[in-house]
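Here is the structure we will look at.
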Amino acid sequence: MRDGAAGRGATLKPEPRLPRQGRDDQIGVHGMAIEKDRIDTPRTLVYGSLATVWVVIAVIALQGFFYTAESSLESGRLAKAPSTQGQTVKAEQQSKLVDLRWADKQSGRLIIPIDDAMRVVLDEMTTPVADSTDGKLGR
């Protein structure tokens, strides 16, 4: 019908255009325009860099604080004189390890220092003992 109307001098109306695919002004399902998200790269880089610098500064500050606190605690521990009670207990324990004393005098049991006890056991093991049943040496 158009062809016939065009021949008689009628003017043609332009057909409505559909939105082009792949552009920012696409039409959504409900007929509304869809705008793609635009990432502000420079602003994102600035904020990311500032956050990174802040985290690095915070880590360095915390490490400095902890090292300072640790060194002050350590110097406080070294400054204290050892307690006399601790020294007394240690001296008692040391004397029990090196002194010869009776464990039970009635049964004849002695407590001897460990070094002496090891020496006695070693001497007993290396000294040959005569076996009374067959006359052979050995333990």
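The values are calculated or read from the model by the stated rules, or taken from the named source; none is laboratory data. All values reported here derive from a predicted model rather than from experimental measurement. Here the Cβ is made from the backbone with ideal geometry for all residues, glycine too, and neighbour counts use every protein chain on show.
Pick out the one residue from 50, 97, 110, 62 that is in contact with a helix residue (DSSP H, G or I) (Cβ under 9 Å, 6 or more places away or on another chain) and either assigned to a helix (DSSP H, G or I) or surrounded by 10 or more Cβ atoms within 10 Å (Cβ to Cβ) (or both).
Unique residue meeting the criteria: 97.
Report whether or not residue 132 is among the hydroxyl-bearing types (Ser, Thr, Tyr), loosely packed, with under 10 Cβ neighbours inside 10 Å, at pLDDT below 80 and part of a loop (DSSP other than H, G, I, E, B).
Criteria met by residue 132.
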